[in-house]
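For reference, the structure discussed in these notes is given below.
The values are calculated or read from the model by the stated rules, or taken from the named source; none is laboratory data. Since we're looking at a predicted model, the values are computed, not measured. Note that each Cβ is placed from the backbone with ideal geometry, even for glycine, and that neighbours are counted across all protein chains shown. Just so you know, the surface numbers come from the protein's heavy atoms only, side chains and all, with ligands and any DNA or RNA stripped out. Shrake-Rupley method; radii C 1.70, N 1.55, O 1.52, S 1.80 Å.
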2 protein chains.
Amino acid sequence: MNIREPNAIDRLVTLFSKLPGIGKKSASRLAYHILDTDASYARSLAEQLASLHEAIKRCSVCGSFTETDPCPICTDMTRDVHTICVVERAQDVRIIEESREFNGRFHVLGGLIAPLEGIHPSDLTIGQLLLRVKQNDVHEVILAMNPTVEGDTTALYLQKLMREEDIEVSRLASGLPVGGDLEYADRLTLSRSFRGRVRME
Amino acid sequence: MNIREPNAIDRLVTLFSKLPGIGKKSASRLAYHILDTDASYARSLAEQLASLHEAIKRCSVCGSFTETDPCPICTDMTRDVHTICVVERAQDVRIIEESREFNGRFHVLGGLIAPLEGIHPSDLTIGQLLLRVKQNDVHEVILAMNPTVEGDTTALYLQKLMREEDIEVSRLASGLPVGGDLEYADRLTLSRSFRGRVRME
């Protein structure tokens with residue numbers, strides 16, 4: 001970094017480059033863009049950031065981000081209380097909600113089982129999930145973790161637990177993405193799409 | 001956008017997605033990352049953004065961003081006052097300073113001539129440049145605008161002006177990037193690198 005760089009820009013660039021997917025160059029581009037833009041934009045962004053952590057809490061029931069506790073999904077009585085969709089992170093709730101495919105409740109695990117990284121089942125909200133399942137007479141648990149090694153491990157672990165409680169467990173289908181091309185599918189995805197092939201009647 | 005999305009996140013995502021190169025998905029990823037990170041990060045970022053426009057001014061001499069006016073480059077007497085490097089935007093000063101190739105003064109044009117977009121020579125700081133050239137006994141003006149249509153137009157315009165003042169004008173070399181590959185060079189770059197070929201003695 002050049003010693004002549006104005007400090008205020010430099011500090012902003014350093015902060016921006018801590019964000020995921022933002023390298024030094026992008027961070028610098030963002031900082032200069034904000035400088036070139038009307039000051040009201042920087043002010044609005046500053047206000048939103050300053051109040052973010054006070055405005056947003058975790059739902060004490062499902063663990064998703066919310067402004068009210070419990071969250072609007074957990075208090076919505078038109079939603080199916082007997083089906084729980086288990087996700088890794090709070091932001092996954094948003095993604096699934098946008099698909100409008102699911103009308104039950106959510107449960108945020110807060111991570112995936114990864115013993116090599118020191119993340120064990122006790123570090124996740126699995127105890128609370130079991131409690132919710134028993135208290136709410138849940139019929140089906142849909143596992144929506146990513147199809148990765150950690151996602152698979154966590155799914156198998158939860159499947160075993162839920163079976164002991166005699167609860168139906170399912171997992172999101174894995175296979176070729178819509179609009180995808182066989183040519184660009186990796187071997188594992190192709191293998192999964194074969195094993196999970198759907199009969200055409 | 002889902003109506004259940006917490007508003008504070010939503011507002012932050014909207015603001016982030018106004019930044020260059022940040023789409024709706026990246027904006028959402030950034031917002032959730034900040035929520036997942038310690039609140040002190042969001043606070044620091046908020047503070048930097050809130051004070052940015054007050055802390056950073058334009059140098060009244062060269063037009064670059066600075067915390068003091070005139071900027072440290074314009075007041076540095078160890079730098080060559082008789083050579084001016086002309087750039088399009090204030091952030092270009094940073095990029096050239098980091099290369100440590102240039103030890104003269106800068107001049108920020110504030111844009112490039114683009115009649116179709118309604119940007120004419122009078123919209124740029126060309127008058128101030130001419131004044132500086134005359135007042136400071138400038139020997140050489142180095143044009144460092146990008147090798148684009150607008151950059152070329154602006155360079156030709158300035159070349160003509162400077163010639164009338166009997167001042168040496170040069171432009172940054174255009175050609176193959178270091179580490180680049182002929183195979184990936186576009187025709188125009190290749191053609192420029194031929195025309196600008198350097199004799200090996």
*Partner chain Cβ atoms within 10 Å, averaged over the residues of A:89-102 - can you pull that number for me?*
3
*asked:* Label position 7 Å from Cα toward Cβ: report the copy-to-copy distances for B:LYS57 in nm, one decimal, ordered from shortest.
replied: 4.7
*In percent, how large is the relative contact order of the range A:68-172, given Cα pairs closer than 8 Å and 6 or more residues apart?*
28
*In whole Å, what are the Cα extents of the range B:78-129 along the three principal axes, biggest one first?*
39, 20, 11
*Take the eigenvalues of the Cα gyration tensor for the protein assembly as shown, scale each by 5, and report the square roots as semi-axes in whole Å, largest first.*
56, 26, 18
*Cα extents of chain B along the three principal axes, largest first, in whole Å?*
66, 47, 37
*Compare A:HIS53, A:HIS139 by solvent-accessible area with a 1.4 Å probe and give them largest first, with all protein chains kept in place.*
A:HIS139, A:HIS53
*Relative to the longest principal Cα axis of chain B, at what angle does helix B:7-16 sit, 0 to 90 degrees, rounded to 10?*
10
_Three-way shape call for the range B:8-55 based on the alpha-carbon gyration tensor, with the a/c threshold at 1.5_ = oblate
*Give the ranking of B:MET145, B:MET200 by solvent-accessible surface, highest area first, calculated with a 1.4 Å probe.*
B:MET200, B:MET145
*Could you work out how far apart the two model spin labels at B:SER51 and B:THR14 are, taking each label as a point 7 Å from the Cα in the direction of the beta carbon, and quote it in nm?*
2.9
*So, counting K/R as plus one and D/E as minus one, what does the shell of residues with Cβ under 10 Å around B:ILE95 add up to?*
0
*Could you tell me the number of lysine pairs in the protein assembly as shown with C-alpha atoms less than 18 Å from each other, where the two lysines are 8 or more residues apart or belong to different chains?*
4
*asked:* Between the range A:151-201 and the range B:95-112, what is the separation of their alpha carbon centroids in Å?
replied: 55
*List the residues whose amide H sits under 5 Å from the amide H of A:HIS82, counting only those 5 or more places along or on another chain, with H placed 1.01 Å from N in the peptide plane.*
none
*Which single residue of chain B puts its beta carbon nearest to the axis of rotation relating B to A, and what distance, in whole Å, does that give?*
B:ALA46, 2
*asked:* I'd like the distance between the alpha-carbon centres of the range A:35-61 and the range B:31-51, rounded to an integer number of Å.
replied: 8
*Report, for B:GLU165, each distance to the same residue's label point in the other copies, shortest first and in nm; define the point 7 Å along Cα→Cβ.*
7.8
_Would the range A:20-94 count as rounded, prolate or oblate if I go by the C-alpha gyration tensor, calling it rounded below 1.5 in a/c and otherwise prolate when a/b exceeds b/c, oblate otherwise?_
prolate
*Using the Cα centre as the reference, give the magnitude of the dipole from point charges on the C-beta atoms of chain B (Lys, Arg: +1; Asp, Glu: -1; all else neutral), rounded to the nearest 20 debye.*
460
*Only Lys, Arg, Asp and Glu count, each charged at its Cβ (+1, +1, -1, -1), so figure out the dipole size of the range A:8-55 about its Cα centre, rounded to 20 debye.*
300
_Karplus-derived 3J(HN,Hα), 6.51/-1.76/1.60, for each residue of the range B:109-125, Hz, glycine and proline x_ = 6, x, x, 10, 5, 8, x, 5, 9, x, 9, 9, x, 5, 7, 9, 8
*What percentage of the solvent-accessible surface of the protein assembly as shown, computed with a 1.4 Å probe over protein heavy atoms, is contributed by carbon and sulfur atoms?*
53
*Amide hydrogen neighbours beyond the local backbone of B:LEU143, cut-off 5 Å, H modeled*: B:VAL86, B:SER170, B:ARG171, B:LEU172
*Add -39500 (n - 2.57) for each DSSP H run of 4 or more in chain A, then divide by its residues: what number comes out at 222 nm, to the nearest 500 deg cm²/dmol?*
-13500 deg cm²/dmol
*asked:* Could you give each residue of the range A:29-37 its phi-based ³J(HN,Hα) in whole Hz, using Karplus coefficients 6.51, -1.76, 1.60 with θ = phi - 60°, and x for Gly or Pro?
replied: 4, 5, 4, 5, 4, 5, 5, 6, 8
*Principal-axis tilt of helix A:149-164 within chain A, Cα atoms, nearest 10 degrees*: 40
*Please give the peptides B:42-52, B:94-104, B:77-87 ranked by average Cβ packing (other Cβ atoms within 10 Å per residue), highest first, as a rough proxy for protection.*
B:42-52, B:77-87, B:94-104
*Can you run phi through the Karplus equation (6.51, -1.76, 1.60; θ = phi - 60°) for the range A:176-191 and list ³J(HN,Hα) in whole Hz, with x for Gly and Pro?*
5, x, 4, x, x, 10, 3, 4, 9, 6, 6, 4, 5, 5, 4, 4
_Between helix B:39-55 and chain B, what is the angle of the helix's C-alpha long axis to the longest principal axis, kept within 0 to 90° and rounded to the nearest 10?_
40
